[in-house]
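Encoded as structure tokens, the structure appears first; notes follow it.
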Amino acid sequence: MIQLIVGLGNPGPEYVATRHNAGFWWLETLAQQWGVQLAHSRDFHGFMGMAQQQGRKVWLLQPTLFMNRSGQSVAALARFYKIAPQEILVAHDELDLPAGEAKLKQGGGHAGHNGLRDICTQLGSRDFWRLRLGIGHPGSKPEVVNWVLKKPSPDHRIAIEQAIDRSLLAVPDILAGEMEKAMRAIHTVVSAPSQ
């Protein structure tokens, strides 16, 4: 059962609309839907809130450390509330999926994503769940850093927001442990614009 939901991104106004902050966009939309105010916590290095969902507490966390240190925030909260890695869902941007697609999976590597890398290291486990929000790939490795730290095109932003909305509809199934059902809903293929 998922007890902690994390959205990844970089803090600061200059990053708000960048592709790397797709996880923040997702978490902020979920918090809004649930009527949860995210408040800053120095202890957990992030904005956090709690919702009662399906008869139990679910924590929401938006780390305020930069992406490559976000695992410190996740691990601090998980240790304090005794939340196991398999009870954590992390929403993050995904280069290997086109804008408009999203995938839910448990475990696996970090595929070069600095946020996932740090979470794996800080938790000492790869067993947490990931909600991968497609942002597309620039086509060459040297362009990746510039790509993730830039705003998507209007068409891509719309496609990403549609994937966010579709995946949020599956959150009740995720919380109920109905992961196969959630995957079927989230993995619906949508044709995305090229840029």
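Some points to look at:
- A 1.4 Å probe run over the protein chains yields, for the chain, 47 Å² of accessible area per residue, whole-number rounding.
- For the chain, built as a Gaussian network whose Cα springs stay under 10 Å, the top-fluctuating residue of Gly107, Gly136, Gly23: Gly107
- These residues, Asp96, Asp118, go from largest to smallest accessible area, 1.4 Å probe, as Asp96, Asp118.
- Percent accessible area from carbon and sulfur atoms, the chain, protein chains only, probe 1.4 Å: 51
- About its Cα centre, the dipole of segment 37-106 is roughly 380 debye, where the only charges are +1 on Lys and Arg Cβ and -1 on Asp and Glu Cβ.
- The alpha-carbon of Lys82 sits under 24 angstrom from the alpha-carbons of these lysines, leaving out residues fewer than 8 places away in its chain: Lys57, Lys105.
- The candidates Lys103, Lys181, Lys141, Lys151, arranged from most to least accessible area with a 1.4 Å probe in the full protein assembly, appear as Lys141, Lys151, Lys181, Lys103.
- Other residues with beta-carbon under 9 Å from the beta-carbon of Arg130 carry, at +1 per Lys or Arg and -1 per Asp or Glu, a net charge of +2.
- Projecting the Cα positions of Gly108, Ser70, Gln52 onto the charge dipole of segment 30-112 (unit charges on Cβ atoms of Lys, Arg, Asp and Glu, taken about the Cα centre) puts Gln52 furthest along the positive direction.
- Charge tally in the Cβ shell below 14 Å around Gly177, where Lys, Arg are +1 and Asp, Glu are -1, Gly177 excluded: -2
- Cα centre as origin, Lys/Arg/Asp/Glu Cβ charges: segment 7-77 dipole, Debye: 180
- In terms of its C-alpha gyration tensor, segment 89-149 has an oblate overall shape, because the principal axis ratio a/c (a ≥ b ≥ c, square roots of the eigenvalues) is not below 1.5 and a/b does not outweigh b/c.
- Of Phe47, Phe80, Phe66, the residue with the largest accessible area leads and the full order is Phe80, Phe66, Phe47 (1.4 Å probe).
- For the chain, size of Cβ-based charge dipole, Lys and Arg +1, Asp and Glu -1, in debye: 340
- Answer label, with percent of Cα pairs over 24 Å apart calculated from the coordinates and candidates (i) 39; (ii) 32; (iii) 47: (ii)
The values are calculated or read from the model by the stated rules, or taken from the named source; none is laboratory data. No experiment lies behind these values; they were computed from the predicted model shown. Quick reminder, even Gly has a Cβ in these numbers, built from the backbone with ideal geometry, and neighbours come from all protein chains shown. Heads up: the accessible areas ignore ligands, DNA and RNA and are worked out on the full protein's heavy atoms, side chains in. Shrake-Rupley method; radii C 1.70, N 1.55, O 1.52, S 1.80 Å.
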